[in-house]
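Beneath this line is the structure, given in structure tokens, with notes to follow.
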Protein chains: 2
Amino acid sequence: MSNLKASTDVLVVGGGMAGLAGALALRENGADVTLVEVAPAFGEVGAGLQMAPNASRVLKRWGLLEKALEIGVQPKHLVFRDAITGEELTRQTVGGEFEERYGAPYVVIHRSDLHRILLEACQEAGVTLVNDVLVQKVETDGDRARAYTAKGEVFEADAILAADGLKSTLRAIVASDGPVNSAYVAYRGTVPITEETPAADLEDVIVYLGPNCHLVQYPLRKGQLLNTVAVFKSPSFERGEEQYGGVDELQAAYKDCVPAVQEALKNLATGIRWPMYDRNPIETWVSGRMALIGDAAHPMLQYLAQGACQALEDAAVLQDAASNRVFTAEGIDAGAWEDAFREFNETRAARTARVQRTARIWGESWHVDGVARVLRNMLFKSRGDNNFQYNDWLYGRNEPGAPAEVPAGAKLVEA
Amino acid sequence: MSNLKASTDVLVVGGGMAGLAGALALRENGADVTLVEVAPAFGEVGAGLQMAPNASRVLKRWGLLEKALEIGVQPKHLVFRDAITGEELTRQTVGGEFEERYGAPYVVIHRSDLHRILLEACQEAGVTLVNDVLVQKVETDGDRARAYTAKGEVFEADAILAADGLKSTLRAIVASDGPVNSAYVAYRGTVPITEETPAADLEDVIVYLGPNCHLVQYPLRKGQLLNTVAVFKSPSFERGEEQYGGVDELQAAYKDCVPAVQEALKNLATGIRWPMYDRNPIETWVSGRMALIGDAAHPMLQYLAQGACQALEDAAVLQDAASNRVFTAEGIDAGAWEDAFREFNETRAARTARVQRTARIWGESWHVDGVARVLRNMLFKSRGDNNFQYNDWLYGRNEPGAPAEVPAGAKLVEA
């Protein structure tokens, strides 16, 4: 094979959060890992990201939580308000009892900061990182898996992790589905926090819930930046127009909202419009020596803020599944990859499907009007702080499908 | 005036619950009261009626509660279930703490039984009851009010109570509105309770909540009869058809409901279809010497089961307002009727408007589907038994606009 570019234990396709986390996890198991990324440089677009305890527990187990806390912010509360009246509907204090219950803090962090932390960890751990690689095809059913690139190169590996995101090419091997457009569009923005920034907005994650729209706001970078996300249903998308969700629709969507919300729209970068997609859950993420991970496996709407969190959970569960089978006391048993992938898939699929489905319904409940809004507001207001009944399944320790806090049979490579 | 049929202190137009209660209340104040009814005989159509404590307190103050309890049923609980799954959503125990808090029992009673109790009380108190009288016009702005009948007779009185119901003719004097069709249709039925009747259904008021439909079931007549009401949104009404809400639509509306609900449809009398109407609240019920009372003043949807209850409250508040002004220690001051009516109106209008509006929203919340149903069910399930936060404004003692438990400055006529 004259065009063999690299031979490795594990090839990871895609250098987003899921790819980096998966690469790190398997490298920590002791694998030689090569990660290929289509972009000419590693990086992340987008603004803030919420790391709930189920995700920060994974960072903690990898020894990366301190780094995240150095640059991120631990908000005091998650606060939900009605966007039309401004009325507070419910709040969760995320320090104290919450942090104790879930064993790790709630952290908000710039996407690029978390990405950099994972990237540096991969570099330090010895993951081989390659840019400008577009994988077009994989073979996964032989003794060795092979990835064929647009340039005609071949990467050979015991196993391939497909971390190529929402628009995954490699998912086609296990499913013939496509992304589902939610008709909602997001605009994001980060602006410096100044003396004019309302002080009330600097400590909390605040979500304003409105009919067919919502707005999220929280501080980033130790309180230097204010992160804002505005998400609204696009009438022109619903009319079937190809160009939809423009800035005119953004303004119109929030016209009945309280001044604090309308003011916050000024903080958005209107150059990039983010259409919001997910996919329906699928049961099978594995084909022979290849497994999907992260958004490639279970892309979800953003309402539970779990996209990156579930990618981190994926990586940790995969780490344990492989550790128990592939990385044995006698060395690497490459023949066990299919079993390891199947265990990973079986452990994770029900949980991530629940997150995908719940994110949809949760989002719907944010955008209701009429009597449904009355019911939503009454329900939210009936909830007391530190009532964890709706959080435990997602943030709780030892929930089915969530990773263990300590690696199973870990043979960590010392950094 | 050769066609003068009667001269009286008070003329009540309409012999339904509101008319009888109003007649009784003012007769107890000491007035000569004549009540005219268009039908050739007194009576009530319909099936069961729920008397919440705010209404049974009024019966108590009039000494009629014992009679109601002799023939009615005191349910053990009010139970709400999802009609699609059968799952219980919430329950309120209506004895014990509930009865103690609200100072009177929750009673379900056949409409005709409550009507008869009020009718007999009017007869015993000496109200003059006249059938076959259709009042077509009233004059209310002189020293004496006059009612002109279809037969050309005139009834003269110090004051007129217009208790002519949802389709009130006399309301036109103060408002130019009309009934509002809710697009929902009811069928009702009472069947004998037999050994085959599921025992679970005999102690409680049970409400099954379904998308665009609900079903209510409770025992009557000391547990001899089972009362069933089925209410659903009529698709043919929504299409604008004149004949709507037929039995075919009844069956179709409940097709996704649990067997217990579908079985219960067999208990309905399908010969009479009840379109459900209310009206928008109005502020003014009084014109000179005339006041509206009951449904003529504030017709409401049935979801709070407060139509008759609010009519009883009306009568008791009117009794107190007149007692303080018209029925003085020196005798009847007919000139004070306008003040008495205005006080009655001012005391009651905000409360009954709230009941009208809340009944609409409450009904909407029963009939939701999709995410609104999820929210409704979560909200209902989050409520514990004996959580009175949603009940106090309606059932509570001494709520603004509700009658006092003991008549103000009462000069009760001994029966």
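When DSSP beta bridges are limited to those with both residues in the protein assembly as shown, what percentage is antiparallel, rounded to the nearest 5?
Working: 98 of 144 bridges.
Roughly 70 percent of the DSSP beta bridges within the protein assembly as shown come out antiparallel.
Under the convention of a label 7 Å out along Cα→Cβ, give the distances in nm from B:Gln389 to the same position in every other copy, shortest first.
Those separations, rounded to one decimal, come out as 1.2 nm.
Compute the Rg to Rh ratio over region B:4-130 from the alpha carbon atoms, using the Kirkwood formula for Rh, and round to two decimal places.
1.08
Do any trypsin sites (Lys or Arg not before Pro) in region A:158-216 lie in a DSSP loop with no more than 14 other beta carbon atoms within 10 Å, and if so, which?
The qualifying sites are A:Lys167.
With a ≥ b ≥ c taken as the square roots of the eigenvalues of the C-alpha gyration tensor of region B:130-174, please select rounded if a/c is under 1.5 and otherwise prolate if a/b is larger than b/c or oblate if it is not?
Oblate is the answer for region B:130-174, as a/c is 1.5 or above yet b/c matches or exceeds a/b.
Using bins 10 angstrom wide from zero, how does P(r) for region B:80-148 break down, in % of all Cα pairs?
For region B:80-148, the pair-distance distribution reads 14, 18, 27, 16, 19, 5, 0.
At 4 °C and a viscosity of 1.567 mPa s, what translational diffusion coefficient does Stokes-Einstein give for region B:1-65, taking Rh as the Kirkwood radius over Cα pairs? Give it in µm²/s as a whole number.
It diffuses with D of about 95 µm²/s by this estimate.
Based solely on C-alpha atoms, express the radius of gyration and the Dmax of region B:141-213 in angstrom.
That works out to 22.0, 62 Å for Rg and Dmax.
For region B:218-340, what Kirkwood radius comes out of the mean inverse Cα-Cα distance, in Å?
Averaging 1/r across every pair of different Cα atoms and inverting gives 18.4 Å.
How large is Rg over Rh for region A:345-413, taking Rg from the Cα atoms and Rh as the Kirkwood inverse mean of 1/r across Cα pairs?
1.14
If you line up the Cα atoms of region B:192-234 on their principal axes, what length do they span on each, largest first, in Å?
Result for region B:192-234: principal-axis Cα extents of 33, 16, 16 Å.
Suppose you put the label 7 Å out from Cα in the Cβ direction; list, shortest first and in nm with one decimal, how far A:Glu66 is from each other copy's label.
Distances between equivalent label points, in nm: 8.3.
Taking the alpha-carbon centroid of each part, what is the distance from region A:290-325 to region B:40-62 in angstrom?
Taking the Cα centre of each part, region A:290-325 and region B:40-62 sit 63 Å apart.
Per residue and in cubic angstrom, what volume does the convex hull of the Cα atoms of region B:273-391 have?
So the per-residue Cα hull volume is 133 Å³.
Would you compute, from DSSP H runs of 4+ residues alone, the mean residue ellipticity of chain A at 222 nm, taking -39500 (n - 2.57) per run and dividing by the full residue count, rounded to the nearest 500?
-9500 deg cm²/dmol
Could you give the spread of the C-alpha atoms of region B:207-254 along their three principal axes, from largest to smallest, in whole angstroms?
42, 20, 13
Can you give the Kirkwood hydrodynamic radius of chain A from its Cα pairs, in Å with one decimal?
22.0
Just for chain B, what percent of DSSP beta bridges are antiparallel, to the closest 5? All intermediate terms of the calculation are to be shown ahead of the outcome.
On the way: 49 of 72 bridges.
The antiparallel fraction comes to roughly 70 percent.
Considering only B:Leu220, B:Ala147, B:Ala316, whose Cα is most displaced toward the positive end of the charge dipole of chain B, charges sitting on Cβ of Lys, Arg (+1) and Asp, Glu (-1)?
So the residue furthest toward the plus end is B:Leu220.
Nearest 0.05, what FRET efficiency do A:Ala150 and A:Lys222 give at R0 = 30 Å with Cβ-Cβ as r?
Approximately 0.15, to the nearest 0.05.
So for the pair A:Glu87, A:Asp248, with labels modelled 7 Å out along Cα→Cβ, what separation do we get in nm?
3.5
Plugging the Kirkwood radius over Cα pairs into Stokes-Einstein for region B:42-194, at a temperature of 10 °C and a viscosity of 1.306 mPa s, what D comes out in µm²/s?
82
Where Lys and Arg each count +1 and Asp and Glu each count -1, what net charge lies around A:Asn391 among other residues with Cβ under 15 Å from its Cβ? Kindly include the intermediate steps, with their values, before the conclusion.
Details: positive: A:Arg57, A:Arg91, A:Arg101, A:Arg351, A:Arg354, A:Arg383, A:Arg397; negative: A:Glu97, A:Glu99, A:Glu100, A:Asp385, A:Asp392, A:Glu399.
It works out to a net charge of +1.
Report, for A:Asp339, each distance to the same residue's label point in the other copies, shortest first and in nm; define the point 7 Å along Cα→Cβ.
Copy-to-copy label distances for A:Asp339: 9.6 nm.
Let me make sure I get this right: for region B:153-282, a, b and c are the square roots of the gyration tensor eigenvalues over alpha carbons, sorted descending. Under 1.5 in a/c it's rounded, otherwise prolate if a/b > b/c, else oblate. Which is it?
Note, shape of region B:153-282 comes out oblate.
First select every other residue whose beta carbon is under 14 angstrom from the beta carbon of A:Ala316; then total the charges, Lys and Arg +1, Asp and Glu -1.
That works out to 0.
Could you tally the net charge around A:Ser236, taking each other residue with its Cβ under 15 Å from the Cβ of A:Ser236, Lys/Arg +1 and Asp/Glu -1?
Counting the neighbours of A:Ser236, the net charge comes to -2.
Filter B:Lys222/B:Lys266; B:Lys67/B:Lys167; B:Lys137/B:Lys233; A:Lys233/A:Lys381; A:Lys381/B:Lys255 down to the pairs with a C-alpha to C-alpha distance above 28 Å, please.
Numbers: B:Lys222/B:Lys266 22 Å; B:Lys67/B:Lys167 30 Å; B:Lys137/B:Lys233 36 Å; A:Lys233/A:Lys381 25 Å; A:Lys381/B:Lys255 34 Å.
Checking Cα-Cα distances, B:Lys67/B:Lys167; B:Lys137/B:Lys233; A:Lys381/B:Lys255 exceed 28 Å.
Which of the GluC sites (Glu not before Pro) found in region B:227-292 are loop residues per DSSP with 12 or fewer other Cβ atoms within 10 Å of their Cβ?
Values: sites: B:Glu238, B:Glu241, B:Glu242, B:Glu249, B:Glu263, B:Glu283; in loops: B:Glu241, B:Glu242, B:Glu283.
Passing sites in region B:227-292 are B:Glu241, B:Glu242, B:Glu283.
Report Rg (one decimal) and Dmax (nearest whole number) for the protein assembly as shown, counting Cα atoms only, units Å.
Both quantities, over Cα of the protein assembly as shown: 35.1, 122 Å.
May I ask you to derive the FRET efficiency for A:Asn181 and B:Thr197 from their Cβ-Cβ distance with R0 = 45 Å, giving the value to the nearest 0.05?
Efficiency for this residue pair is about 0.30.
Test of understanding: ordering B:Asp143, B:Asp333, A:Asp113 by Cβ neighbours within 10 Å, fewest first, what list do you get?
B:Asp143, B:Asp333, A:Asp113
None of the figures in this text is laboratory data; all of them are computed from the coordinates on show. All figures in this text were calculated on a predicted structure; none of them were measured in a lab. Every residue, glycine among them, receives a Cβ derived from its backbone with ideal geometry; neighbour counts consider all protein chains shown.
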